[in-house]
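Let me begin by presenting the structure, written as structure tokens, before commenting on it.
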Amino acid sequence: MTGDTLLRVSDLKVSFQTEAGSAKVLDGVNLTIGRGEILGLVGESGCGKSTLARSVLGILPKNAARITDGTILFDGENLLERNEAYLARVLRGRRISFVPQDPFSSFSPVFSIGDQFMELMKWKSPEITDAQAAARTILSSRYGRARRRRDAERVMEMLSAVQLPQPEAILRKYPHEVSGGQRQRLMIAMALLTEPELIIADEPTTALDVTIQAQILKLLKALAAERNVAVLFTTHDLGTAWEICDRIMVMYAGQDVEVAGSADFFARPNHPYTDRLLASLPGAEGGLQGIPGNIPGFVSPPGGCRFHPRCDLASDACRTTRPGVTALGSGHAVRCHHPLGTQFLKEAVT
Amino acid sequence: MTLEPPISRVATDRPETAKPILDVLSLRKYFPIRNAWGRRKGWLKAVDDVSFRVAKGEILGVVGESGCGKSTLGKTIMGIHQPSDGDTIFEGRSTANYDPGQARKLRRHLQYAYQDPGASLDPRWKIRRSLHEPMIIHQPELDRDQRAERVSEMMRAVNLPETHLDLYPHEISGGQQRRVGLARVLTLNPSLIILDEPTSGLDLSVQATILTLFMDLKRKFDLTYLFISHDLSIVRMICDRVAVMYLGKVVEIGDTEIIFSNPKHPYTRSLLSAVPTVGGRRVTDDFQLEGEPPNPGNMPSGCRFRTRCTMAQADCAKAEPPLRADWPGQSAACFLAE
Amino acid sequence: METIRFILRKFFEDKVALVGLVIITALVLVAIFAGVLATHPGDVSTFHPADRLQGPSLAHFFGTDRMGSDIFSRILFGARITITIAVISVGLSVLIGVPIGLLAGYYNGWFSDLLMRVSDIFLAVPQIVLAIAIAQTLGPAIENVILALSLTYWPFWTRLVYAETRACKNETFVEASVALGASPFRVIVLHILPNISSGIIVRTTLGMGSTILTAAVLGFLGLGPPAPSPEWGRTIAESRQYLPNAWWYATFPGLAIFMVVMGFNLLGDGLRDILDPRIRRSKSNDR
């Protein structure tokens, strides 16, 4: 782990109001990302990884979601204590940017791509200081010609950095006129243009074909390294996480269960859930295992470790108390009363 | 044009599976592309001259990226789409000369499992009714109790509790919907099931249990699968043979292990190298393929892959390379493959 | 059973729809029990020239008309006529329009096109004009009003059902049934019709309101059931020469029309929300 921590989420609890009652979607989640680090947030659908990503961005649905406990420290400041206007003007899109799963619905269909890029630069250009952004008024929204020209240059540079052919032609097009892979490149370009410190990428390659996915991952990895941008990369695909992540954190049913460096994670899973998940990978030794049972409901989740109803090793302690963090060295930590430890040490999958 | 490794080769590899169950012969499915006034301005060649043979008891994988025509291929074989040209011979009977209704009757033993089984079940019907429907259509001689017995048997076969029969499709999980979809086609006692993206959208842990179920059912009911998927690691794990499609054509076909270990077609090579392998070499370090597939309504001349191919030469633009069965257990449609 | 309870629960959550439901239930009850509820049940056909044009009082809640008949009682009996016209003419147009829409929507080809062009021709002429022309030709009678309304209203259902059938036909579950070998009849009647039924129900409810309005217009123009029928539109037409002095004469039948049409519209809008499958599905999609 990099010594310089950029984002630290501690003991975050989020619940959603539903017809059936209060759903505890995040149950005391911890997460840290160092500067320039790519952290993979891995888990199956409904594990809360998107909710966690949205909490950091501050875009949880206001009427339904409630953050009941915890802190989100970004570069030392607690985002949960900041007001909405500050988050919207200073942080979101400037210091923290977002790459969505479906780039199509993230572009407005009625404006050309170029217009949308310039609209972004008008408000979020890296030339605007934090103070200017925070004090934004109608008067300060003037978009000077000189800055516009410099911003346009930035856009062109970025489009060539994301390897889009004929950038001028693309800027004149409308979102439906470019392919899915190109839209995702454009999304990455938009996310990087404002020179953020953190990019939150929510399953950015799930909707893409493998050959396109490979191109996009390669691009994201290279650009993040080049610009020293940290990436919070949520995915359900372990292969994708292996490709680009420095560290990987696994979530199950709203709880963080294990975090480790990428190589260590795949070689030495310590949480029973992680172990079973890796055994479900097609082609893994003893593959085709799966995990019997279903993800529990969030309204009345199982107590203690939420994985215990599906776990072979579950004991009374697991049913009553959430396990604390056990550090296993070199940034590997697990939250389990019965970590698999060295007796289950697996050979590196090759 | 040579289209297929001679069946004798399959016979030597797997003598017990030599009997063909499905022959696809020069199958084509073109969709008209119309301009704003409804005039046809061209054809979208979704499936273009595809031929292969499926032997009884095997699992043939059909892989390719979205838009390559693999789903259209499955639906055309099934008779959901009328083929533009060509024929499919299922269990020795040609289906070319029947109208769609008759052809479907003949193909009771050929069934299609939808990619999204949740959507393939009537949202206003309880699962019980959806499971009874195929038998009401095809076996009117069965009475209610006989049908109910078969439905219970199939629910057990796919490991679902019978209490689920009284639920609506939206009340069960994605994995369970897939099991219901399978139970539904199994009630007709099929011999060949076309599985269209059977694991897409499933979580890893559920996907593994569904794949185990496919293998169990195959053994139990003596099934043959045509396994359409974009997920190469799954195809590698469960398919005996694999056909790789690119823009409506089969560019390479053969035994799974041979193709995965020694792909001949440059597209297959790119495709395989794009798959992330946990613990293996990172794709992001050495992935080469540039660009995206061309618009299928406006195909390049000659070899369809030449616009993205690193090996492409002038000859590739002149003629379409035929599938050459030049390697044991493997055919590829490339002039330059050796 | 579970569905009925669900719909009732939704009604109680949606107050506006509940108001509509109450109004329409009241209308139906009034129509059925008009003979019991009316203070002067004989006044539909008998006259009391001495009591002409009296204002509202305890004896005559809504006053009396030019013949001295009790307007309150006549409105109650008028509800019968209104309900009869609305139910039968909407029912007939559903029976004509829905099957045509289903067939035209399910099949492609010249016959579908022909059916749709015929319905387009009907839709090209404003319904009220066409209904007036037909009623004028056939003469004033309740049967003719019903016929005129049905003949002019079915194309609306054809259009609606055609569009919904087209959409539903592309659903995977319909394709799956066809792939299983289901006959067109089976697919149309057992799969498509139930899945588009909520649209038909909503449209029928809203259609009742507009049909009642059109029927009142025909009555007002003298094309409805002849005198001394207590039809609401006709009553308003009669009242014109006594306005503004006998304000109650036109006001109360007008209010009756207004209430009923509004009731059907509120009920229809409420049903649209309640029957919307997306809303229903969300019931089990809680996280």
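The values are calculated or read from the model by the stated rules, or taken from the named source; none is laboratory data. The structure presented is a predicted model; accordingly, all values stated were derived computationally and were not measured. Don't worry about glycine lacking a Cβ; one is built from the backbone with ideal geometry, like all the others, and counts go over all protein chains shown. Just so you know, the surface numbers come from the protein's heavy atoms only, side chains and all, with ligands and any DNA or RNA stripped out. Shrake-Rupley method; radii C 1.70, N 1.55, O 1.52, S 1.80 Å.
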task: Might you work out the accessible area of B:Met215 for me, using a 1.4 Å probe with all protein chains in place, and round it to the nearest 10 Å²?
output: 50
statement: HN-Hα couplings for the range A:107-114 via Karplus (6.51, -1.76, 1.60; θ = phi - 60°), in whole Hz with x for Gly/Pro, come out as 9, 6, x, 9, 10, 5, 4, x
- prompt: For the protein assembly as shown, what does the alpha-carbon gyration tensor say about shape, rounded, prolate or oblate, given a ≥ b ≥ c as the root eigenvalues, a/c under 1.5 as rounded, and a/b over b/c as prolate?
  reply: prolate
field: Net charge dipole size for the range C:102-248 [Lys, Arg +1 and Asp, Glu -1 on Cβ; Debye, nearest 20]
entry: 60
Length gained when the stretch C:Ile201-C:Ser45 is fully extended (0.36 nm per residue, less Cα-Cα span): 52.5 nm
- prompt: Tell me, what ³J(HN,Hα) does each residue in the range C:36-45 have, in order and in whole Hz, if you take phi through Karplus 6.51 cos²θ - 1.76 cosθ + 1.60 with θ = phi - 60° and put x for Gly and Pro?
  reply: 7, 6, 5, 6, 10, x, x, 6, 5, 10
query: Once you put a point 7 Å from the Cα of A:Gln132 and another 7 Å from the Cα of C:Asn245, both along the Cβ direction, what distance in nm separates them?
result: 8.1
query: To the nearest 20 debye, what charge dipole does the protein assembly as shown have about its Cα centre, counting +1 at the Cβ of each Lys and Arg and -1 at the Cβ of each Asp and Glu?
result: 1320
- prompt: According to the Kirkwood expression over distinct Cα-Cα pairs, how big is the hydrodynamic radius of the range C:138-274, in Å?
  reply: 17.6
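Hey, can you find the accessible area per residue of the protein assembly as shown for me, probe 1.4 Å, expressed in square angstrom?
43
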query: How big is D, in µm² s⁻¹, for the range A:1-85 by Stokes-Einstein at 20 °C and 1.002 mPa s if Rh is the Kirkwood radius over C-alpha pairs?
result: 158
message: Can you give me the long-range amide H partners of A:Val231? Hydrogens built in the peptide plane at 1.01 Å from N, cutoff under 5 Å, separation of 5 or more residues or another chain.
response: A:Glu37, A:Ile38, A:Leu39, A:Ile199
field: Above-threshold pairs, the threshold being 24 Å between Cα atoms, out of A:Lys124/A:Lys173; B:Lys126/C:Lys10; B:Lys249/C:Lys169; A:Lys13/A:Lys221; B:Lys126/B:Lys218
entry: B:Lys249/C:Lys169; A:Lys13/A:Lys221; B:Lys126/B:Lys218
- request: Find how many whole Å separate the alpha carbon centroid of the range C:142-171 from the alpha carbon centroid of the range B:112-127.
  value: 29
query: Taking the inverse of the average 1/r across all pairs of different Cα atoms in the range A:88-229, what Kirkwood radius in Å do you get?
result: 15.5
field: chain A - charge dipole about Cα centre, Lys and Arg +1 at Cβ, Asp and Glu -1, debye rounded to 20
entry: 1040
Rounded if a/c under 1.5, otherwise prolate or oblate - chain C, Cα gyration tensor axes: oblate
query: Which value, in Å² rounded to 10, gives the accessible area of B:Cys309 with a 1.4 Å probe and all protein chains present?
result: 30
query: How large is the helix-only mean residue ellipticity at 222 nm for chain A, computed as the sum of -39500 (n - 2.57) over DSSP H runs with n ≥ 4, divided by its residue count, in deg cm²/dmol to the nearest 500?
result: -9000 deg cm²/dmol
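Could you order B:Arg34, B:Arg178 so the one with the most accessible surface comes first? Probe is 1.4 Å.
B:Arg34, B:Arg178
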- request: If a/c stays under 1.5 just call it rounded; otherwise compare a/b with b/c (prolate if a/b is bigger, oblate if not). Do that for chain B, with a ≥ b ≥ c from the square roots of the Cα gyration tensor eigenvalues.
  value: prolate
message: With θ taken as phi - 60° and the coefficients 6.51, -1.76 and 1.60, list the Karplus ³J(HN,Hα) couplings across the range B:132-146 in order, rounded to whole Hz; mark glycine and proline as x.
response: 6, 4, x, 6, 4, 6, 9, 10, x, 6, 6, 8, 4, 5, 5
field: Most mobile listed residue (B:Glu290, B:Glu58, B:Glu91) in chain B, GNM with C-alpha springs under 10 Å
entry: B:Glu290
task: Let me have the 222 nm mean residue ellipticity of chain B computed from DSSP H runs of 4+ only, each contributing -39500 (n - 2.57), with the sum over all residues rounded to the nearest 500.
output: -9000 deg cm²/dmol
field: Shape parameters for the range C:131-211, alpha-carbon atoms, Rg then Dmax in Å
entry: 17.2, 54
message: Can you give me the long-range amide H partners of B:Val251? Hydrogens built in the peptide plane at 1.01 Å from N, cutoff under 5 Å, separation of 5 or more residues or another chain.
response: B:Val244, B:Met245, B:Tyr246
message: At 1.4 Å probe size, what's the solvent-accessible area of C:Val174? Round to the nearest 10 Å².
response: 0
For A:Thr32, distant residues with modelled amide H under 5 Å away: A:Val9
message: Which residue, B:Ser273, C:Ala59, A:Val42, has the largest displacement toward the positive end of the dipole of the protein assembly as shown when charges sit on each Cβ (Lys, Arg +1; Asp, Glu -1)?
response: C:Ala59
query: Plugging the Kirkwood radius over Cα pairs into Stokes-Einstein for the range B:159-240, at a temperature of 25 °C and a viscosity of 0.890 mPa s, what D comes out in µm²/s?
result: 182
field: Those lysines that a straight Cα-Cα span of less than 20 Å connects to B:Lys41, excepting residues fewer than 8 apart in one chain
entry: B:Lys29
